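Nothing in this text is a laboratory measurement; each read-out follows from the coordinates by a stated rule. Note that this is a predicted model, so its numbers are computed, not measured. Positions of Cβ are generated from backbone atoms using ideal geometry, with glycine treated the same way; all protein chains shown enter the neighbour counts.
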Amino acid sequence: MTDVTLSRRRFLEAAAAGLAAPALCSTAAAAAADTRPVVYWTPELSAESFIRMYRLVNREITGKVALKLHTGEPAGPNILPRDWVRALQATIPQSTIVECNVLYKSPRQTTEGHRRVIEQNGWSFCPVDIMDGEGDAPLKVNGGLHLKEFMVGRRFFDYDSMVVLTHFKGHGMGGYGGALKNIAIGCASGAHGKAQVHAVTPEGKWTIGEVFMEHMADAGKAISEHFGKRIVYVSVLRNMSVDCDCAGVAAAAPTMPDLGIMASTDLLAIDQACIDLIYAMPDFMKHTLVNRIESRKGLRQLSAMKELGMGTGAYRLERVLRERRPGERPQGDGTDKA
């Protein structure tokens with residue numbers, strides 16, 4: 001292992017320790033009484049860690065399982081590693097990768113073109129369901145800031161559980177693309193739902209800024225409430241360009257270091273924890289991504305979710321230690337609670 005790798009790991013551990021400091025409990029009883037949602041974090045980036053993180057949060061995942069991820073534009077360089085997803089999918093019975101067609105100009109606007117891109121990008125090891133391939137259907141939004149309903153892919157309702165596998169990165173309109181964006185935009189149908197969530201005007205203008213973030217929060221609330229306890233989130237902070245995977249090969253080169261993997265059963269908590277870890281980095285590492293987030297009013301995603309009663313943004317961070325390999329010196333097992 002190189003000195004650079006060791007330095008990165010120690011820095012990340014120090015940053016994570018700083019994030020967790022408010023969560024320290026003086027007694028075991030106090031820890032047991034802590035009702036904040038847990039966000040698990042590991043700096044280890046591998047298929048094994050990806051699976052381990054999922055297994056920490058998958059207790060309620062049953063039945064027919066939708067694996068919601070961004071399969072990317074043609075030859076997109078920053079999407080989730082296919083070998084990681086392949087290894088995870090093999091461990092989840094009745095699981096299917098799910099997507100919806102897109103609103104912007106792309107081969108993924110049509111189901112036929114979308115399927116070609118999915119094949120080109122290597123997502124051929126398991127079924128991939130383009131949920132709006134045969135139309136869409138309304139999903140009710142209870143108590144939204146703007147939306148009363150929006151259109152999701154018709155086959156969204158075929159699934160009993162959802163595992164949200166997110167590549168956390170910047171986003172040209174949202175500031176950042178986290179777990180909220182993955183489901184709020186990703187489950188909306190290309191023909192109608194994405195225009196509703198983007199608040200596209202009758203003149204064809206796409207709404208930006210805080211109002212767009214609020215629409216995403218509305219949609220995310222409806223999806224998370226639909227599945228209840230049967231939805232979990234695993235977010236990978238790797239190859240974090242300021243651009244979404246929608247940009248494909250045109251995405252700007254990442255300027256942030258890779259920060260690891262997070263997992264939680266709480267949508268707001270995991271997006272908040274990802275943002276907190278990024279903001280804990282030194283300015284020379286984070287300034288490009290932070291500028292993208294703040295220039296698009298991206299933090300409104302978090303405050304809108306709080307206003308919608310989706311949580312407080314508080315969480316308890318638990319660092320997950322890598323399992324030892326045969327012959328390796330002990331470094332601990334399981335999780336460190338804070």
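Here are some notes:
- Counted over the stretch 36-317, the DSSP beta bridges are approximately 50% antiparallel.
- Fully extended contour minus Cα-Cα distance, from Arg86 to Asn291, at 0.36 nm per residue: 70.4 nm
- Low-density loop positions, GluC sites (Glu not before Pro), the stretch 130-215 - DSSP coil, at most 12 other Cβ in 10 Å: Glu134, Glu203
- Protection-proxy order for peptides 90-99, 192-201, each taking the mean of Cβ atoms within 10 Å per residue, highest first: 192-201, 90-99
- Relative protection proxy for 71-77, 223-229, from highest mean packing down: 71-77, 223-229 (other beta-carbon atoms within 10 angstrom).
- Here the gap between Asp258 and Leu321, fully extended at 0.36 nm per residue and compared with their Cα-Cα distance, gives a gain of 21.0 nm.
- Computed across the chain, the Kirkwood hydrodynamic radius from all distinct Cα-Cα pairs reaches 20.2 Å.
- Anisotropy class of the stretch 115-215 from Cα gyration tensor, a/c 1.5 cut: prolate
- If the chain linking Arg116 and Ala137 were pulled fully straight, counting 0.36 nm for each residue of separation and taking away their Cα-Cα distance, it would gain 5.1 nm.
- Mean-position separation - Cα centroids, the stretch 224-293 and the stretch 102-120, in angstrom: 24
- Nearest-0.05 FRET efficiency for Arg36 and Gln94, computed from C-beta distance (R0 35 Å): 0.65
- Percent of beta bridges antiparallel (DSSP, the stretch 54-149, rounded to nearest 5): 10
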